[in-house]
1. Lys and Arg at +1, Asp and Glu at -1: add these up for the other residues within a Cβ distance under 14 Å of V216 and post the number.
2. Of all the Cα-Cα pairs you can form in segment 40-139, what percent are over 20 Å apart?
3. Which cross-chain or sequence-distant (5 or more) residues have an amide H under 5 Å from the amide H of R212, H modelled 1.01 Å from N in plane?
4. Considering the chain as a Gaussian network with a 10 Å cut-off on Cα pairs, which listed residue, G82, G110, G141, attains the greatest mean-square fluctuation?
5. Take peptides 184-195, 69-80 and line them up by average Cβ neighbours within 10 Å, highest first, as a rough protection proxy.
6. Kindly work out what percent of the DSSP beta bridges joining two residues of the chain are antiparallel, to the nearest 5.
7. Could you please report the charge total around Q241, scoring K, R as +1 and D, E as -1 over all other residues with beta-carbon less than 11 angstrom from its beta-carbon?
8. Using only Cα positions of segment 1-90, each an equal point scatterer, no hydration layer, compute I(q)/I(0) via Debye at q = 0.22 Å⁻¹ and quote the log10 values to two decimals.
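Since every read-out is calculated from the coordinates, none of them should be taken as a lab result. Treat the numbers as computed from the prediction; the structure is a model and nothing was measured. Note that each Cβ is placed from the backbone with ideal geometry, even for glycine, and that neighbours are counted across all protein chains shown.
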Amino acid sequence: MQRMIENLKEAISEGGVIAFTGAGVSAESGIPTYRGKDGFWTKYDPSKYASIEYFNLDPSYYWSFFKDTRAPLIHDARPNPGHVALAEMEKAGYLDAVITQNIDGLHQAGGSKQVIELHGSTRRFYCVDCNKKYSLQEAEGALDVNLPPRCNKCEGIIRPDVVFFGEMLPPGLLEKAFTLAKSASVIITVGSTLIVYPASHVPAVAKQAGARLAIVNDEPTPLDDIADWTLYGNAGEILPQLI
Ligand code: NAD
Ligand code: ZN
């Protein structure tokens, strides 16, 4: 492992690095991954709160979930040494961007500037009818008055700026991620099962275009066979060693 880390550090020192992150990078900040075995996800059914079809049918289900479980997490979670290490790598000029599947905003909180949020963010909201934007604080204020919260301009339902299952990724964002992937020298994937398409395609595209692939995860992934480095363990412990 130490040898692999030294070898990867050498590759990073040549620059042109991008990171691709999933729920695992935030696990040490106390945000459960989908695959976590604790009871967190059992009270609310992800096939309901994460689905656009169900949101349109009954938005109060999502907002009850948000109020009970998501909001406290967002307020309490702090970036961990893994997020901070990626931010430092960017500040030092080696890392060009973080492409993330996460919706928690912790990369930005940890100091990263170039962050592509493929699945949006649960810190931004908008009205489904007039598109008026709401901050987390404003959405929570509206949620105190109404369940589901309603727009103060047109009474429309307020929704999170996230990609629900059944929705397309924001236009242009995936293309931007692929463009970065195609020109990267090294791509480091962190805390992702690498199975949720189309986002999971990014590391494969980078590799095909000639990038070297590093995988940091606490369990094997389907791309381990084509990886140049596989570092098994906690992101918050491994990433700081790359600085
Ligand atoms: P996932 O939950 O499917 O997989 C996470 C991976 O990280 C697993 O392989 C797990 O073993 C590994 N892992 C867990 N803790 C780790 C640690 N400390 N260090 C290193 N690896 C660790 O997540 P995914 O691949 O991102 O895809 C699922 C979807 O879940 C994404 O679309 C994402 O938007 C969503 N999601 C986001 C959040 C968040 O924003 N924090 C949380 C849960 C799920
Ligand atoms: Zn409105």
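1. Counting the neighbours of V216, the net charge comes to -4.
2. Here the tail beyond 20 Å accounts for 47 percent of pairs.
3. V186, I187
4. G141
5. Details: 184-195: 23.2, 69-80: 16.1.
Descending mean neighbour count gives 184-195, 69-80.
6. Values: 9 of 32 bridges.
About 30 percent, rounded to the nearest 5.
7. -1
8. Values, matching the q order: -1.13.
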